[in-house]
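Colleague: Let me begin by handing over the structure; questions about it come next.
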Amino acid sequence: MVEIEKKKITLSIPVETNGKLEELSKKYGMTKSGLVNFLINQVAEAGTIYKK
């Protein structure tokens with residue numbers, strides 16, 4: 001198994017956004033970190049944050 005180097009970061013987000021992040025991570029069975037990582041990679045792959 002390939003080990004991925006990780007970097008700890010701190011994000012400041014609104015309380016409401018954190019609530020949404022917690023709800024979504026529970027809904028999809030992911031950690032908040034895992035969900036943020038997944039979403040960033042999806043956007044990078046799509047090349048945009050906007051729907052086409």
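Colleague: For a 25 Å ceiling on Cα separation, which of these pairs sit above it: Lys6/Lys52; Lys7/Lys51; Lys8/Lys52; Lys8/Lys32?
Modeller: Checking Cα-Cα distances, Lys6/Lys52; Lys7/Lys51; Lys8/Lys52 exceed 25 Å.
Colleague: ³J(HN,Hα) across region 36-50 via Karplus (A = 6.51, B = -1.76, C = 1.60, θ = phi - 60°), whole Hz, x for Gly/Pro?
Modeller: 4, 4, 4, 5, 5, 5, 5, 5, 4, 5, 6, x, 7, 9, 9
Colleague: May I pose another question? Work through the residues other than Ser33 whose Cβ is under 10 Å from its Cβ and net out their charges, Lys, Arg +1 and Asp, Glu -1.
Modeller: Neighbourhood net charge equals +3.
Colleague: Of [x] 46, 15, 14; [y] 35, 31, 22; [z] 31, 19, 17, which one was derived for Cα extents along the principal axes in Å from the structure shown?
Modeller: Looking at Cα extents along the principal axes in Å for this model, the match is [y].
Colleague: What do you get for chymotrypsin sites (Phe, Trp or Tyr not before Pro) in the chain restricted to DSSP loop and a cutoff of at most 13 other Cβ within 10 Å of the site's Cβ?
Modeller: Tyr28, Tyr50
Every read-out reported here was derived from the displayed coordinates using simple, explicitly stated rules and does not represent laboratory data. Just so it is clear, the structure is predicted and the values come from calculations on it, not from any experiment. When we count neighbours, we look across all protein chains shown, and the Cβ atoms used for this are built from the backbone with ideal geometry, even at glycine.
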